[in-house]
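Novice: Next up is a structure, given as structure tokens.
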Amino acid sequence: MVGKPEAGGERSTSGQSLIQQAARDLALNERGLLRAAEVNPLPVAVPDLAPIFLVSSFRTSSTWLWQKFRQAPSVVAYYEIFNEHLGYLNSASAANVNYTSWDARHPVSAPYFIEFLPLLKAENGVRGYSHSMAFDSLMPRDGVLTQDERDYVDLLIGAGRAMGKVPLLSCTRMLGRAAALKAEFGGRSVLCVRNLFHQWGSYGGQAAAGNLYFMQTVDWTLKASRHDPFLALVDDFTSERTFAPDDARMFQAFLLLHLHLYACAYEASDFVLDTSLLAADANARHEAEHVLSRWTGAPMDLSDVKESFDYVALKASDRREVCDAMAQFTKMIRAGCGSRAGADFVEGLTDAALAEWERHDFYTGRARSVHGKALDALRGQAEAAEQGRVAVTAERDAQAQAIAQLHSEKNDFAVRVHQLAGVSAERDALATQLAAAQAEAARMEAQVAAAAAEAEARAAREAELTQAVAAAEAQAAEARDAATAHLGQLDAERAAAAAGQAAQAREIEELRAAQASAEAEARRAAEAVQADLTRRIAEGAHERDALAAQLREAQARPTGLIETALAGLRRRKG
């Protein structure tokens, strides 16, 4: 914790002593409102409701300091006014953002965003807040706030004053905006810093535990602030940085980003509070309590401040190169400072961080060497295990591939079996159809053979019938001829017997007429029978039998008539 140094003051060669010297001898601000010698343990009334801006970076004990302001009855303390959570905050989620949300090692307190509840929108989020405020505008272009930022901060200040309280606005994303906030809203600004090596240790400890957020904030800020020439240079110079805790490039990016932002914020601050110094120097703590009590009009007790150290994995072999590089870069930063005091402040922070790194290596060097060898052995074992794992993995993958191939072949075989089953079923169906077709063909062949045999039988019967008809016709002709001859004989006998036998002649004529009629009838009957037989032969065998019977009857009929007629003649003649 330091006041604002006067131009031309004595400079110490030690970064820590520079800060201590400033705490003892330098004024609180350039207007001389309060000097370190003006220690007054009793709080005084607050003359106005001027806003207080708590400006800091991450992992600097700023949450602890914000809670101290929050405990003051005269203060309404807004936490992290540019935090990303504010974009989607609601009453329910606000209750869950507290010291247990993650392994922050924050002191016990009420949920952090209670003060924002009256400012929530119906659709979630704090009125006036925009997500771009988190990192996109952390370093204002042309050194001025956007209109949205001005309106949003003015809303918070107005809400605090409307309650009759001193509005305290804190944020770890405020460093680049400190001067713009001071120019726009005035008020008082306290810059909260911590030994940068200790701060990096907290970043590294979080990263080692799997939380890369703080490492990422370095990257996000550099990427979003390339309109600042120095930060663009840092971004390019450390472009090969990673989020690993032992990455010297990332450590350089962290140091240079913070030194540049601290240099900018220092010129706009009314009080600098170094939490690392506060824990080690009771006088510095008393001074801070006095100053903050005057600002708030309420007693401020900082006696529970404590220094902590987390985890640094930087290699000792990187220290000389990093220190040399920092010496060159801090020349650029000091040259851009607005005052000699600001330049000395940057140099003091740099020297304190690098000295702490050297002290860290002094106390841990031997242990780290021993542990490093053990770690190298473990890494060798891990590499061997990894190689074994890779080999086993490759073998497993090969076996898995072989199994997959077997599964594929099995599936292909199953598909083929399924297809074969379909083909077999189709074959069986075709075989059934073929058997049925063959049976049908055999049946049809049998029918054809039967039809052929029947046709042959029909032809034979037709031939027999034809022969029978011919024989009948011949017999009829013979009978006619015999009858004609006999009639001629009878005519002769009749003519010779007696002319008087008129009756006999008439009978003979009748017989002739009957014979002619019988012959005509026989011919007609024969022709009808023949036609009917021809038709019935085509229709079936049973009809041919009937026709044959009729034919026989027809054949017998003329002969019977003639014989009857002859018998009658014989009776008359006798």
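Novice: With just the Cα atoms of segment 219-269, tell me how far they stretch along each of the three principal axes, in Å, largest first.
Specialist: 33, 21, 15
Novice: Alpha carbon centre of segment 324-376 versus segment 198-222: separation in Å?
Specialist: Computed from Cα coordinates, the inter-centre distance equals 18 Å.
Novice: GluC sites (Glu not before Pro) within segment 76-161: which are DSSP loop residues with at most 10 other Cβ atoms inside 10 Å?
Specialist: Here the sparse-neighbourhood loop sites are GLU123.
Novice: Okay, next question. Residues in segment 56-97 near a label at PHE243, defined as backbone nitrogen under 18 Å from the 7 Å Cα→Cβ point?
Specialist: From segment 56-97, the list is 58-59, 84-85.
Novice: May I pose another question? Order these peptides, 520-529, 124-133, by their mean beta-carbon neighbour count within 10 angstrom, highest first.
Specialist: Highest to lowest by the protection proxy: 124-133, 520-529.
Novice: So which aspartates and glutamates can LYS315 reach, going by Cα to Cα under 16 Å and dropping same-chain residues fewer than 8 places off?
Specialist: Of all the aspartates and glutamates, those that pass the test against LYS315 - Cα under 16 Å, at least 8 places apart if same chain - are ASP246, ASP247, ASP324, GLU356, GLU358, ASP361, ASP376.
Novice: Ok, one more. Determine which lysines satisfy two conditions relative to LYS68: a Cα distance under 20 Å, and not lying fewer than 8 residues away in the same chain.
Specialist: Once the sequence-local lysines are set aside, what remains near LYS68 is LYS165, LYS306.
Novice: Okay, moving on. Pick out, from TRP357, ALA282, PHE309, the residue whose Cα sits farthest towards the positive end of the charge dipole of segment 272-383, with +1 on the Cβ of Lys and Arg and -1 on the Cβ of Asp and Glu.
Specialist: Of the candidates, TRP357 comes out farthest on the positive side.
Novice: Give the separation of the Cα centroids, segment 149-185 to segment 438-492, in Å.
Specialist: A separation of 137 Å, based on Cα centres.
Novice: Let me see the P(r) profile for segment 263-375: every Cα-Cα distance counted, bins of 5 Å, each bin given as a percent of all pairs.
Specialist: For segment 263-375, the binned pair fractions read 2, 9, 15, 15, 15, 16, 13, 8, 5, 2, 1, 0 percent.
Novice: Further, regarding this structure: Give me the Å³ per residue figure for the convex hull around the C-alpha atoms of segment 245-328.
Specialist: Convex hull of Cα atoms, per residue: 129 Å³.
Novice: What span do the alpha-carbon atoms of segment 86-201 cover on each of the three principal axes, reported in whole Å from largest to smallest?
Specialist: 42, 38, 29
Novice: Another one. Along the principal axes of its C-alpha atoms, what lengths does segment 436-525 span, in descending order and rounded to whole Å?
Specialist: 87, 17, 9
Novice: Roughly speaking, what is the centre-to-centre gap between segment 45-77 and segment 234-290 when only Cα atoms are used, to the nearest Å?
Specialist: 19 Å
Novice: Please list the three semi-axes, largest first and in whole Å, of the ellipsoid equivalent to segment 88-147, using sqrt of 5 times the eigenvalues of its alpha carbon gyration tensor.
Specialist: Over the Cα atoms of segment 88-147, the semi-axes work out to 25, 17, 9 Å.
Novice: If I stretch the segment between ALA485 and GLU307 completely, what's the gain in nm (0.36 nm per residue apart, minus their alpha carbon distance), one decimal?
Specialist: Full-extension gain reported as 47.0 nm.
Rule-based calculations on the coordinates, nothing more; no lab input. Everything numeric here is computed off the predicted structure, so don't read it as measured data. Glycine also receives a Cβ, built like all others from the backbone with ideal geometry; neighbour counts cover every protein chain displayed.
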